[in-house]
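*Asks:* Sharing a structure with you now.
Bear in mind that the values in this text are calculations on the coordinates, not laboratory data. Everything quoted here is computed from the prediction, not taken from an experiment. All Cβ positions, glycine included, derive from the backbone under ideal geometry; neighbour counts span all protein chains shown.
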Amino acid sequence: MKFIEPSIEYKEQIRAYRQELLDCGSSMDGTGPLRRIEDPKEWIEYCANGKNEETVPEGMVPATQYIFVRESDNKIVGMFQIRHYFNDFLEKYAGHIGYSVAPSERRKGYATQMLQIGLTKCKEMGIHKVLIACIDTNEASRRTILKNGGVYESTVQEPHKGANLQRYWIELPEK
């Protein structure tokens, strides 16, 4: 399993991943604006621009987007996003990390692996205290966060969707 920044090589898989999440009514966490951007090429460009302070869309913070690829068949099984720092919304509700797994690939341990690798990426970026939030009814995400050292802080209600979000912190050693 490996993280790869989105590239045109994966455009058809990105399109299929998006459709699979839409078909099951997924919240599409960790995919940035993939829900509203139909064209994979446009989404790939958005992700590249969103990584840099100079080109990130107004009101957003820089974020690094990854696709999580199974090496045996080069298939995208998940997506993962790391926000480099907080704005007010991220600090209160969403945190540093968002992730999702394709519905056809769930219950295989990929989310746990993704988060483990993602925490290493956070550490490389200099983020040593990581905030992750999940909807309070998402038992799989909660278990994933706990398996990776998450410590529950609080539950908050996100004002736009009315969802109750559980907030967890993961402390990463600085060495």
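*Asks:* Using only the alpha carbons of the range 1-84, determine the length spanned along each of the three principal axes and report them from longest to shortest in whole angstroms.
*Replies:* 36, 26, 19
*Asks:* Please work out the C-alpha center-to-center distance from the range 75-118 to the range 11-53 and express it in whole Å.
*Replies:* Here the two parts' Cα centres lie 13 Å apart.
*Asks:* Here's another thing I want to ask about it. Restricting everything to alpha-carbon atoms, can you work out Rg to Rh for the chain with a Kirkwood hydrodynamic radius? Could the numbers behind the result be given before it?
*Replies:* Working: Rg = 15.2 Å, Rh = 16.3 Å.
Dividing the radius of gyration by the Kirkwood radius yields 0.93.
*Asks:* Could you list V151, V156, V69 in order of exposure, starting from the residue whose Cβ has the fewest other Cβ atoms within 10 Å? Spell out each step's value before the answer.
*Replies:* Details: V151 11, V156 15, V69 18.
Arranged by neighbour count, lowest to highest, V151, V156, V69 become V151, V156, V69.
*Asks:* Using +1 at the C-beta of Lys and Arg and -1 at the C-beta of Asp and Glu, which of I145, F89, H160 has the Cα lying farthest in the positive direction of the dipole of the chain?
*Replies:* I145
*Asks:* While we're here: Just tell me which lysines come within less than 17 Å, Cα to Cα, of K175; anything on the same chain fewer than 8 places away is out.
*Replies:* The reachable lysines, counting only those whose Cα sits under 17 Å from K175, are K121, K123, K129.
*Asks:* Got a sec? How would E12, E54 order by Cβ neighbour count within 10 Å, fewest to most?
*Replies:* Values: E12 11, E54 6.
The most exposed by this proxy come first: E54, E12.
*Asks:* Tell me, W43, W169 in order of fewest to most beta-carbon neighbours within 10 Å?
*Replies:* Details: W43 23, W169 16.
Final ranking by Cβ density, sparse to dense: W169, W43.
*Asks:* May I pose another question? For the range 73-122, count the residues as N, evaluate 2.2 N^0.38 Å, and divide the Cα radius of gyration by that value, please. Can you show the working numbers first?
*Replies:* Working: Rg = 12.4 Å, N = 50, 2.2 N^0.38 = 9.7 Å.
Expressed relative to 2.2 N^0.38 Å, the Cα Rg reads 1.27.
*Asks:* OK, next. Identify, among V61, A111, N74, the residue whose Cα sits farthest towards the positive end of the charge dipole of the chain, taking +1 on the Cβ of Lys and Arg and -1 on the Cβ of Asp and Glu, with the dipole about the Cα centre.
*Replies:* So the residue we want is A111.
*Asks:* What distance in nm separates the simple spin-label points at K123 and S7, each placed 7 Å from Cα in the Cβ direction?
*Replies:* Distance between the two pseudo-spin positions: 2.6 nm.
*Asks:* Right, here's the next one. When N is the residue count of the range 33-75, what does its C-alpha Rg come to as a fraction of 2.2 N^0.38 Å?
*Replies:* Details: Rg = 12.3 Å, N = 43, 2.2 N^0.38 = 9.2 Å.
Computed over Cα atoms of the range 33-75, the ratio equals 1.34.
*Asks:* What does the helix-only formula give at 222 nm for the chain: each DSSP H stretch with n ≥ 4 adding -39500 (n - 2.57), the total divided by the residues, and the result rounded to the nearest 500 deg cm²/dmol?
*Replies:* On the way: 4 runs with 48 residues, N = 175.
Helix-only estimate at 222 nm: -8500 deg cm²/dmol.
*Asks:* Rounded to the nearest 20 Debye, what is the dipole magnitude of the chain about its Cα centre when Lys and Arg each give +1 and Asp and Glu each give -1 at the C-beta?
*Replies:* Values: 24 positive and 25 negative charges, 123 e Å.
That gives the chain a dipole magnitude of about 600 debye.
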